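The values are calculated or read from the model by the stated rules, or taken from the named source; none is laboratory data. What you are looking at is a predicted structure, and each value in this text was computed from that prediction instead of being measured. All Cβ positions, even for glycine, are placed from backbone atoms using ideal geometry, and neighbour counts span all protein chains on display. Side chains included, ligands, DNA and RNA excluded: accessible areas come from the protein's heavy atoms. Shrake-Rupley method; radii C 1.70, N 1.55, O 1.52, S 1.80 Å.
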Amino acid sequence: MSIEGALLSAPADQRDRRDRWQSWRKSAVPAQAADVLVILIAASLPWSTTVPSIFVGLFLLAVTPTIDWPDYARRLARPAYVLPLAILPLALAGMLWSDGAWADRLHAIKPAAKLMLIPPLLYHFSRSDRGAWVGLAFLVSCAVLAVFSWIVLLEPAWKLTATASPGVPVKNYIDQSQEFTLCAFALALPVLTFWRNGYPIAAVTCLALILLFATSMIFVASARTALLCTAMLLALFAWKHLSRRAALALLAGTVAASLLAWTTSPYLRQRITDIAVEYRHGHEDISRASTAQRLTYWRKSVQAFAEAPLFGHGTGSIKRQFERAATSESRLGAEIVNNPHNQTLNVAVQWGLLGVVLLYALWIAHLRLFLGGGLAAWIGLAVVVQNITSSLLNSHLFDFHEGWMYVLGVGVAGGTVLRKTASQS
């Protein structure tokens, strides 16, 4: 081909490639791929940290071509969309006034970065009808994990990784308990709905799954944080979905079930009674200091917050503040950590009142998103309330596993709620 011919054909080739790209972008393929990848994230999250991270990157590649950017920009005016995006810029800016090591500053960016996925998930599932498949994938995966927890309790050699707790096949008992708690309460509304609508078999099936998760937590492995979340979610469910008489019946049933669990589960009794032991002996034996540790972390964090109440000590500064506050009075007093095990204090030490206001605005915006009726709204509400409650005793919004549960739960359930609202308007 001559040079003149090449020059004449180039614009046509470019137009053809551009047309093919636009045709593929507007087809159902990228959106379907994005749906599948989120389903895979949910299914793999109870078992792995690396695999979900890979699927998250692939999801962003798949969903980007499907976004109508002017429409997306308009939606960012809504608090539920924009507030998750505001925490990362604050974390980046906080690096400038931080007194922590640069490695700690960079490491502290990652927990906030995951929140950036909430707006794309909200946007995508406000247009997709496959949000229920994501929840189902997470439920089935957790049910398999619950069955496997009993297997490894009886046969520890079957563990997939070297976990610290019996009956925990992968990761740790805190993550496992949070998963099982969320699944149990996500199923509570279907049990009620199926029963009221005359589908007893479906109701009993859902109830059997709830019992699977509950018995694993009572007899195999459970975190005390999850027990606190259970009490809070029970009260929330009664308030949202039950009459006064039904709520009293639920209360009576809960008391009876609690007494039965207390009398039949030595493991549960030990987990509860250890609280007092850990408080009394924490300063002498740091291996049994969970309760005393938290109280010490909180005291030191409050002191650090009081020194810089408006803007905090900067991103990644928690470890540096604990180094400054370390004493030689006991092993516990000398302990240096980078996590105060409380989400509010985690934010307050780094970014002061500015960060705390932003954190609570985020939670409130997402609570407001799920105040309506329906299963998606109930699941989203349970996700947010569970995160707020567990964040009293942990930094669960910033922890990997619980943070991703929040991101997926709010993003997928929130998008489903927005889609339902749009279809009704």
Any residue in the range 54-64 that is surrounded by fewer than 17 Cβ atoms within 10 Å (Cβ to Cβ), part of a loop (DSSP other than H, G, I, E, B) and not acidic (Asp, Glu)?
no
Given the conditions (1) touching a residue at least 24 places away in the same chain (Cβ under 8 Å); (2) open to solvent by 40 Å² or more (accessible area, probe 1.4 Å), report the number of the one that Leu187 does not fulfil.
(2)
Give me the helices (runs of 4 or more DSSP H) completely within the range 148-221, filtered to those with at least 1 residues that are out of contact with any His (no Cβ under 7 Å at 6 or more places or on another chain) and farther than 28 Å from Asp399 by Cβ, ordered by residue number.
188-196, 200-219
Inside the range 115-131, the number of residues satisfying the requirement of being open to solvent by 30 Å² or more (accessible area, probe 1.4 Å) and either over 27 Å from Asn172 (Cα atoms) or touching a strand residue (DSSP E or B) at 6+ places or on another chain (Cβ under 9 Å) (or both) is 3
Members of the range 37-52 that are touching a Phe, Trp or Tyr at 6+ places or on another chain (Cβ under 9 Å) and surrounded by fewer than 16 Cβ atoms within 10 Å (Cβ to Cβ):
Thr49
Output yes when any residue across the range 322-335 is of a type in the set (D, E, K, R), part of a helix (DSSP H, G or I), touching an Asp or Glu at 6+ places or on another chain (Cβ under 7 Å) and closer than 23 Å to Ile109 by Cα, and no when none is.
no
When the range 364-394 is checked residue by residue, the ones that are touching a residue at least 60 places away in the same chain (Cβ under 8 Å), among the hydroxyl-bearing types (Ser, Thr, Tyr) and crowded, with 22+ Cβ neighbours inside 10 Å are Ser390
Just to be sure I understand the filter: pairs with C-beta atoms under 7 Å, separated by 6 or more residues or on different chains, first member in the range 205-231 and farther than 14 Å from Phe185 by Cα, second member among the aromatic types (Phe, Trp, Tyr) and surrounded by fewer than 22 Cβ atoms within 10 Å (Cβ to Cβ). Which pairs pass?
Ser216/Trp150; Phe219/Tyr267; Val220/Trp150; Ala221/Tyr173; Ser222/Tyr173; Ala223/Tyr173
Given the criteria part of a helix (DSSP H, G or I), open to solvent by 50 Å² or more (accessible area, probe 1.4 Å) and not polar (S, T, N, Q), does Leu145 qualify?
no
Every residue from the range 44-84 that is out of contact with any helix residue (DSSP H, G or I) (no Cβ under 7 Å at 6 or more places or on another chain) and among the basic types (Lys, Arg)
Arg74, Arg78
Single unsatisfied condition, Trp158 versus (1) surrounded by fewer than 20 Cβ atoms within 10 Å (Cβ to Cβ); (2) of a type in the set (Phe, Trp, Tyr); (3) at pLDDT 95 or above
(3)
Thr416 versus (1) within 25 Å of Leu92 (Cβ to Cβ); (2) among the β-branched types (Val, Ile, Thr); (3) open to solvent by 20 Å² or more (accessible area, probe 1.4 Å): which is the lone unmet condition?
(1)
Which pairs turn up if I take residues in the range 95-115 that are among the basic types (Lys, Arg) and look for partners that are not in a helix (DSSP H, G or I) with beta carbon separation below 9 Å, at least 6 apart in sequence or on another chain?
Arg105/Met95; Arg105/Ser98; Arg105/Gly314; Arg105/Thr315; Arg105/Gly316; Arg105/Ser317; Lys110/Phe398; Lys114/Phe398
